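**Student:** Once you've had a glance at the structure underneath, I'll fire off some questions.
Bear in mind that the values in this text are calculations on the coordinates, not laboratory data. Remember, predicted model here, so these are calculated numbers, not experimental data. Note that each Cβ is placed from the backbone with ideal geometry, even for glycine, and that neighbours are counted across all protein chains shown.
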Amino acid sequence: MAVQGSLKEKNKTKIIIPKRYVVIMHNDDFTPMDFVVDILMTIFHKEYEEAVSIMMTIHKGNRGIVGTYSYDIAKSKAERAMMAAKEEGYPFRITVEEG
């Protein structure tokens with residue numbers, strides 16, 4: 001019994017890179033700067049100097065990018081920050097946009 005040829009299978013794996021989303025903090029006249037810095041350090045894991053820099057960018061420019069994440073992580077971090085602000089009675093606003 002002779003084998004005439006061999007069968008080769010070609011599998012192509014297509015890697016899909018997930019979309020990235022930016023978390024944006026918006027300035028308001030009521031949320032204390034210290035609170036914003038604390039949120040940046042505790043929820044977004046920024047070092048103190050970077051947190052202060054981001055906070056000042058938000059203060060001067062009315063908004064600032066906090067970080068870029070996958071959708072689930074961006075949404076989760078934004079919601080945690082908004083809940084913390086709500087508990088303190090601040091009108092803090094964070095949005096998540098495709099970046």
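**Student:** Just how many % of Cα pairs in the stretch 57-99 lie over 15 Å apart, if you round to the nearest whole percent?
**Tutor:** 47 percent
**Student:** Enumerate the aspartates and glutamates that Lys60 could reach by cross-link, defined here as Cα to Cα under 17 Å, with residues fewer than 8 away along the same chain left out.
**Tutor:** Cross-link targets: Asp28, Asp29, Asp34, Glu49, Glu50.
**Student:** If you line up the long axis of helix 33-42 against the longest principal axis of the chain, both from Cα atoms, how many degrees apart are they, to the nearest 10?
**Tutor:** Tilt relative to the chain: about 30 degrees.
**Student:** Can you return the lysines within cross-link range of Lys86? Criterion is Cα-Cα under 20 Å, with same-chain partners fewer than 8 residues away left out.
**Tutor:** Within the straight-line limit of under 20 Å, Lys86 reaches these lysines: Lys75, Lys77.
**Student:** Divide by every residue of the chain the summed helix terms, -39500 (n - 2.57) for each DSSP H run of at least 4, and state the resulting mean residue ellipticity at 222 nm, rounded to the nearest 500 deg cm²/dmol. Let's see the in-between values first.
**Tutor:** Details: 3 runs with 42 residues, N = 99.
Taken over the chain, the calculation gives -13500 deg cm²/dmol.
**Student:** In addition: So, in nm, how far is label Ile65 from label Glu79 when the simple model puts each one 7 Å beyond its Cα toward the Cβ?
**Tutor:** 2.4 nm
**Student:** A follow-up question, please. Roughly how tilted is helix 71-88, in degrees to the nearest 10 and between 0 and 90, from the longest Cα axis of the chain?
**Tutor:** 20 degrees
**Student:** Would you mind counting up the charge near Ala85? Only other residues with Cβ under 15 Å from its Cβ, with Lys and Arg at +1 and Asp and Glu at -1.
**Tutor:** Net charge in that neighbourhood comes out at -3.
**Student:** On to the next question. Out of (i) 13.8; (ii) 10.5; (iii) 10.1, which label holds the value of mean projected area of the Cα convex hull in nm² that was computed here?
**Tutor:** (iii)
**Student:** How much length is gained on full extension from Ile15 to Thr57, taking 0.36 nm per residue of separation minus their Cα-Cα distance?
**Tutor:** 11.5 nm
**Student:** Let me ask something else about it. Given the Cα-Cα distance of His26 and Tyr48 and 0.36 nm per residue of separation, how much length would full extension add, in nm? Present the calculation step by step, with values, prior to reporting the outcome.
**Tutor:** On the way: separation 22, 0.36 × 22 = 7.92 nm, distance 1.92 nm.
Between His26 and Tyr48, full extension yields an extra 6.0 nm.
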